[in-house]
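Q: One structure coming up, written as structure tokens, with questions to follow.
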Amino acid sequence: MTFAPVLPLGGYAGWAFLKRTMAQQTAAFNAQPSVIREEAYFREKIGRINTAEQLVDDPRLLRVSLGAFGLDADIGNKFFIRKILEGGTLKADALANKLANKQYQRFSAAFGFGDFATPNTKLSDFADRILASYKNQQFSVAVGKQNDDMRLALNTERELPKIAASNGSPLSKWYTILGTPPLRAVFERAFALPASFGAIDIDRQAEIMRARSSASFGSADLGQFQDRGKMDRLIQQFLLQSELEQSGASPNGALNILTLFQQSPRLFQRL
């Protein structure tokens, strides 16, 4: 039987329940025979992989590798994935660097086939790192089958701190958010941006995101989300806005509730 996460509630109340039970639920998920088999196979085989071609020719290794970066849907695109891996990320014109979805860049960089004479698959902790990411991602996928907002919130907790702590310029970090679909979705919803937002000029999108961040959190700098309190507020605001949209709340009512939340977040924490 396939494990299904227990999510008795939606919205912020459901998120609070998931967080309280996360340790038990992830342990149960990781104890599934299918997960154990995939982990054992990956540990046994990955150290013998020397090229991108070898990786894409092994469906089980490729499934775990792509799954670790949320790229599961590309399992059938072997030629495309091989090109991304072989191109690496160190050259400006590498395919992975040109794609809007920055998960491809992280995927290619993690394996290092196109960047180093000896790929990262030979590193002693490589399997540990990829498998940890794989199990986290797949738990999120299982959660998302019941509630996609929860999946997005889990991804935000996992991925946003990495970007916040990175060495890029403040503006480049926002472009990374805009190029990472799950994170982009969270910020767009949290800031109540319309569906047409993605159609405007990318520089204008970054400008608007920075302005909304400053208005909601007191700073336009993504580095602020290294602070756990601000991370929690972002997720709460995202889930609250999602609930408002799903309930069909009027625009004015939604704005009033969001304004109250931004001014008194502790009130919502007690609900």
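The values are calculated or read from the model by the stated rules, or taken from the named source; none is laboratory data. Just so it is clear, the structure is predicted and the values come from calculations on it, not from any experiment. Don't worry about glycine lacking a Cβ; one is built from the backbone with ideal geometry, like all the others, and counts go over all protein chains shown.
Q: Just to be sure, is ALA40 within 26 Å of LEU178 (Cα to Cα) and outside the structural domain of PRO181 (by TED's automatic domain parsing)?
A: It is false that ALA40 is within 26 Å of LEU178 (Cα to Cα) and outside the structural domain of PRO181 (by TED's automatic domain parsing).
Q: For the structure I just gave you, tell me whether SER247 is loosely packed, with under 14 Cβ neighbours inside 10 Å, at pLDDT 50 or above and of a type outside the set (A, V, I, L, M).
A: yes
Q: Then there is this: Listed residues LYS78, LYS19, LYS83; which is of a type in the set (D, E, K, R) and closer than 21 Å to GLU157 by Cβ?
A: When all the criteria are applied, what remains is LYS19.
Q: Tally time: how many residues in region 58-71 are touching a residue at least 60 places away in the same chain (Cβ under 8 Å) and more than 13 Å from the chain's Cα centre (by Cα)?
A: Final tally of qualifying residues: 2.
Q: Oh, and also: If we only count helices (runs of 4 or more DSSP H) wholly inside region 1-75, which ones have 3 or more residues that are among the aliphatic types (A, V, I, L, M) and closer than 22 Å to ASP148 by Cα?
A: 11-20, 22-30
Q: Filter region 99-137 down to residues that are assigned to a loop (DSSP other than H, G, I, E, B) and of a type in the set (A, V, I, L, M, F, W, C) and give me whichever is farthest from SER166 (Cα to Cα).
A: Step by step, filter region 99-137, then rank; the result is ALA117.
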